[in-house]
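**Student:** Sending over a structure as structure tokens; questions will come in a sec.
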Amino acid sequence: MSFKILASIRFLELQDLDLIETPTFKITTHDAEKAKVLGSEFQKFARLRDLRSYDKNAMAYAVYESIDDNPIFQQEMNEELTQLCWQMEIFLLFLWFVKDNSISLEQAYGQFTIVKSINWWTGRNVFSTCIGAI
């Protein structure tokens, strides 16, 4: 089983970068990479507004693998969802090229590959001064 954390990032433009890699997550603006990571299950369960958000914005993501589907892994990943979203927001807050600090998470999801649903987390944008308007 695997668990994906998927976050769309509003107002982030990456000119000639294919991918930003941090120790805990990656960020991309390329449609082919986004489609590969999102997959058909996400397309099936996400709301239309959220699908549009991932289509037009940069996407941050992390994928965690487990050899079985034990409940401890599921519990840890649900907790990791909030923690990693906060890490992403802190990372965005400290980008040197952000003049007005308008970059922030727009939507974030956690998705288990064996569970036919997604866990939604969106934020209050705890570590950002962005108002969050679309």
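What follows is calculated from the coordinates using simple rules that are stated; it is not laboratory data. Values in this document were obtained by computation on a predicted structure and should not be read as measured data. Ideal geometry is used to build each Cβ from the backbone, glycine not excepted, and the neighbour counts take in all protein chains shown.
**Student:** Counting other Cβ atoms within 10 Å, keep those with at most 14, restrict to DSSP loop, and tell me which trypsin sites (Lys or Arg not before Pro) in segment 19-104 are left.
**Tutor:** R47, K99
**Student:** In segment 5-78, which chymotrypsin sites (Phe, Trp or Tyr not before Pro) fall in coil by DSSP and have 15 or fewer other Cβ atoms within 10 Å?
**Tutor:** Passing both the DSSP loop test and the Cβ count: F11.
**Student:** Would you kindly state how much longer the chain becomes between L19 and S2 on full extension, computed as 0.36 nm times their sequence separation minus their alpha carbon distance, in nm to one decimal?
**Tutor:** Between L19 and S2, full extension yields 4.0 nm more.
**Student:** Let me ask something additional. Lys and Arg at +1, Asp and Glu at -1: add these up for the other residues within a Cβ distance under 12 Å of S53 and post the number.
**Tutor:** +3
**Student:** List the GluC sites (Glu not before Pro) within segment 1-88 that fall in a DSSP loop (any state other than H, G, I, E or B) and whose Cβ has at most 13 other Cβ atoms within 10 Å.
**Tutor:** Counting only loop positions with at most 13 other Cβ atoms within 10 Å, the GluC sites (Glu not before Pro) in segment 1-88 are E13.
**Student:** In straight Cα distance, which aspartates and glutamates are under 18 Å from K34, not counting same-chain residues fewer than 8 positions off?
**Tutor:** E13, D16, D18, E21, D50, D55, E106
**Student:** Still on this structure: Please work out how much length the chain gains when fully extended from D69 to T82, using 0.36 nm per residue of separation minus the C-alpha to C-alpha distance, in nm with one decimal.
**Tutor:** The span from D69 to T82 would gain 2.6 nm if fully extended.
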